[in-house]
Amino acid sequence: MAKYTLFGGAYSTYVRTVRMLMQEKGLDYELVPVNILTGEGQSEAHLRRHPFGKIPALEVDGVTLFETAAIVELLEAHQPTPARFPEDPVERARMRQWMNVIDNYLYPDVVGTLVWQRVVNPRMDQPCDEQAVRDGMPVVRKHFGLLNAALENAKWLAGDTISVADFYLAPIMAYVAMTPEAERLLADHPQVARWWEAFQQRESFIQTPFDGS
Ligand SMILES: N[C@@H](CCC(=O)N[C@@H](CS)C(=O)NCC(=O)O)C(=O)O
């Protein structure tokens, strides 16, 4: 069996996306910690794996890959069952749509404001900037509105089949859930609340808790 080494930390949303997928596919891996908050992402060794200094990066059979979308694609090809890329072409395209939305817009808009101020700053003994939270909330609510509308007609983000798009969103939701704003956000967006309730029951989510490493 291929030997997978995943570089990153168990505090990272993107790393958790990959870890959940590996867990669901029964793929063994070693998680090698890279702490981006202490500057390890910019170390020479890590920049060789990921030229932009981010996490995750994956090594397998002499191949090094960075970017979560590329990593999950390889894992799906290595271990096609259980499938986490939908068969149906429209659902598969929807999965990619949401992966891109989350990577390009939702993550910076939600993690970069609400989660950073309420969760990351306190952990680094930095104050929460209440004004930054207030300023960030309209766009956070816009994202919740879009997700809620997508989930009105489908069980999961891409359709009735769970997909990697849900695995992108769930770790971010886990951080949002730690903020005082979460209760109102979920109450106002019942389809997102229903999706979040269901996702939290998954063994792969339960088995990959965030920690500081
Ligand atoms: N587009 C990248 C995003 C990865 C990313 O932003 N990871 C965060 C941690 S969750 C990170 O490494 N941040 C450090 C930085 O931006 O310097 C992917 O899909 O892997």
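What follows draws every value from the coordinates through simple rules; no lab data is involved. No experiment lies behind these values; they were computed from the predicted model shown. Heads up, the Cβs are rebuilt from the backbone with ideal geometry, glycines too, and the neighbour counts pull from every protein chain shown.
Dividing the mean sequence gap of close Cα pairs (under 8 Å, 6+ apart) by how many residues the chain holds gives a relative contact order of 25 percent. Using the average count of surrounding beta-carbon atoms within 10 Å as a protection proxy, the listed peptides 95-108, 188-201 rank, highest first, as 95-108, 188-201. Partner lysines whose Cα lies under 20 Å from the Cα of LYS25, excluding those fewer than 8 positions away in the same chain, are identified as LYS3. Averaging 1/r over every pair of different alpha carbons in the chain and inverting the result gives a Kirkwood radius of 17.8 Å.
Ranked by the mean number of other Cβ atoms within 10 Å of their residues, highest first, the peptides 11-17, 40-46 fall in the order 11-17, 40-46.
Enumerate by residue number the GluC sites (Glu not before Pro) in region 80-186 meeting two conditions: DSSP loop (anything except H, G, I, E, B), and at most 11 other Cβ atoms within 10 Å of the site's Cβ. Spell out each step's value before the answer.
Details: sites: GLU87, GLU91, GLU130, GLU152, GLU181, GLU183; in loops: GLU87, GLU181.
Within region 80-186, the qualifying GluC sites (Glu not before Pro) (loop, at most 11 other Cβ atoms within 10 Å) are GLU87.
Please tell me the relative contact order of region 4-82 in percent, rounded to the nearest whole number, where contacts are Cα pairs under 8 Å and at least six residues apart. If you can, show how the numbers build up before the last one.
Details: 110 pairs, mean separation 27.0, N = 79.
Relative contact order for region 4-82 comes out at 34 percent.
Of VAL18, VAL139, the sequence from fewest to most neighbouring Cβ atoms within 10 angstrom is VAL139, VAL18.
Sort PHE167, PHE205 so the one with the fewest other Cβ atoms within 10 Å of its own Cβ comes first.
Arranged by neighbour count, lowest to highest, PHE167, PHE205 become PHE205, PHE167.
Taking 24 Å as the straight-line reach from the Cα of LYS142, the lysines in range (excluding those fewer than 8 positions away in the same chain) are LYS155.
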